[in-house]
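What follows is calculated from the coordinates using simple rules that are stated; it is not laboratory data. The model shown is predicted, which means the values in this text are computed figures rather than measured ones. Note that each Cβ is placed from the backbone with ideal geometry, even for glycine, and that neighbours are counted across all protein chains shown.
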Amino acid sequence: MAPPQGSRAPLEFGGPLGAAALMLLLPVTMFHLLLVARSGPARLLGPPPYLPGLEELWSPWALLLCLTWLGLQAALYLLPARKVAEGQELKDKSRLRYPINGFQALVLTALLVGLGVSAGLPLSALPEMLLPLAFAATLTAFIFSLLLYLKALLAPASALAPGGNSGNLIYDFFLGRELNPRICSFDFKYFCELRPGLIGWVLINLALLIQEAELRGSPSLAMWLVNGFQLLYVGDALWYEEAVLTTMDIIHDGFGFMLAFGDLAWVPFTYSLQAQFLLYHPQPLGWPLASFICLINAVGYYIFRGANSQKNTFRKNPSDPRVADLETISTATGRRLLVSGWWGMVRHPNYLGDLIMALAWSLPCGVFHLLPYFYFLYFTALLVHREDRDERQCRQKYGLAWHEYCRRVPYRIVPYIY
Ligand SMILES: NC(=O)C1=CN([C@@H]2O[C@H](COP(=O)(O)OP(=O)(O)OC[C@H]3O[C@@H](n4cnc5c(N)ncnc54)[C@H](OP(=O)(O)O)[C@@H]3O)[C@@H](O)[C@H]2O)C=CC1
Ligand SMILES: CC(C)=CCC[C@@H](C)[C@H]1CC=C2C3=C(CC[C@@]21C)[C@@]1(C)CC[C@H](O)C(C)(C)[C@@H]1CC3
């Protein structure tokens, strides 16, 4: 049931036409990347080396493996958590509770995979299955999104997200109608955001590293760097799992095809692109340059983690000694905005740190192919668009206080540039 006309949020992503285009373009782009990464020329802007037939894309075994993976991660999600955190206050003043056991799930997955490999699990065969696995993940995302859409038809208006309730089926299916779709205490958006896709991403990276070792005797330094950087990123996300509860996806966005496909297919199969590229295009990398790239990643991580933890600590407890001395702006909602510390440097310092890391992930692949920089380019576009969406939401939330924040912190992501 769509909310009253007056409360409808403005259309984003180009409205229904843009949503329809993205639902086609995103999977096509993902398959293009998977095909080009394993081709000789590896030309991002060129045609794919060939168009795979359905017999190459569809595999019942790949679908079974995909669903088994989802089942395993769901089982790990349901294990007793070391902690249960409360989410931000909802419209009806209630707060949802979330299990904090993501890092535990990562460690248990690593142990299970390690046991499997020692028992003969052919993990290095995974790279050869990326196309059918990506197809299975895309199919799963579509079906899952349809079930979520149908579930939202039964949800009360108070459970709906501001965005994905335009009344247009395609747009609402893409953006997602329900804000926090759950069955009992199982939160589908929270689960998908941090578990199957992220852990699947580093598992694919590991499989690519093992296959390179089998092919060339040992993994290259570039492959070690990419695996290490991205394992740090995923491990950090799961160690600081509670911080995701103050991010846009959890606070504001409905759970629909965009996030379901993003979590289940886009993240594991396009975020592992550098490792895929390196398997088929080994790159020489000396220790001096590798050390410099590690420094770049470290600077990015320092900014990323510092900014996210500062904002999350502040949102959880403004009186926390770690943030109590920071300068803030009061707002009509009663919530305050940080205007010093990381959030006094630019309005999204966390994005800056993330982008610096994204660049560090590409550099080990050399500078003679554009393909490994796809993530950096896509991610820049995603974060610029995301920052614009967040600006609109915060302007609406905080009014004059946000204008004052923009006056005092004029740059969005990069100091003195943007
Ligand atoms: N690897 C990837 O593919 C992606 C990674 N990310 C990363 O996820 C992280 C989270 O980003 P995102 O989800 O966009 O949201 P953010 O963590 O940037 O949170 C945005 C929210 O923070 C609050 N906020 C903004 N400014 C201030 C301030 N000055 N003081 C206090 N609170 C403030 C507002 O919410 P409120 O005031 O209501 O609390 C705002 O809506 C980032 O590090 C980003 O780089 C994001 C997208 C994709
Ligand atoms: C083009 C397309 C398919 C869009 C979907 C975007 C999603 C892939 C991203 C939206 C927000 C994300 C976040 C992370 C991963 C990518 C998605 C789902 C994130 C879990 C990565 C790890 C970080 O530490 C994080 C937890 C802060 C982050 C949260 C947002």
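Extent of region 286-417 along its three principal axes (Cα atoms, max minus min coordinate, largest first): 53, 31, 24 Å. The relative contact order of region 286-417, computed from alpha carbon pairs under 8 Å that lie at least 6 residues apart in sequence, is 31 percent. Only helices enter the 222 nm calculation for the chain: every DSSP H run of n ≥ 4 contributes -39,500 (n - 2.57), and dividing by all residues gives -18500 deg cm²/dmol, rounded to 500.
Distance from the Cα centre of region 158-178 to that of region 217-280, in angstrom? Cα centroid to Cα centroid, the span is 26 Å. Counting only lysines at least 8 places from LYS311 when in the same chain, those with an alpha carbon closer than 29 Å to its own are LYS83, LYS91, LYS93, LYS189, LYS397. Along the axis of the charge dipole computed for the chain (Cβ charges of +1 for Lys and Arg, -1 for Asp and Glu, origin at the Cα centre), the listed residues MET23, LEU273, ALA134 are led at the positive end by MET23.
Basic side chains Lys and Arg get +1 at the Cβ, acidic Asp and Glu get -1 at the Cβ, and with that the dipole of the chain about its Cα centre reaches some 960 debye. Ranked by the mean number of other Cβ atoms within 10 Å of their residues, highest first, the peptides 178-184, 116-122 come out as 178-184, 116-122.
By the compact-protein rule of thumb, 2.2 N^0.38 Å, the alpha-carbon radius of gyration of the chain corresponds to a ratio of 0.99. Each Lys and Arg Cβ is given +1 and each Asp and Glu Cβ -1; about its Cα centre, region 286-417 then shows a dipole of about 420 debye. Relative contact order, whole percent, for the chain stands at 18, derived from Cα pairs under 8 Å and 6 or more residues apart. Between helix 60-77 and the chain there is an angle of about 50 degrees, using the helix long axis and the longest principal axis of the Cα atoms. For the chain, the residue among VAL36, THR247, LEU194 whose Cα projects farthest onto the positive side of the dipole built from Cβ charges is THR247. Our Cα-only numbers for region 252-338 put the radius of gyration and Dmax at 19.9, 56 Å. When the Cα positions of THR313, ALA159, GLY399 are compared along the charge dipole of the chain, GLY399 comes out farthest toward the positive end, with charges on each C-beta of Lys, Arg, Asp and Glu.
What angle, in degrees between 0 and 90 and rounded to the nearest 10, separates the Cα long axis of helix 287-316 from the longest principal axis of the Cα atoms of the chain? Taking Cα atoms only, the helix is inclined about 30 degrees. Extent along the principal axes, Cα only, for region 105-233: 58, 27, 26 Å, with the longest axis given first.
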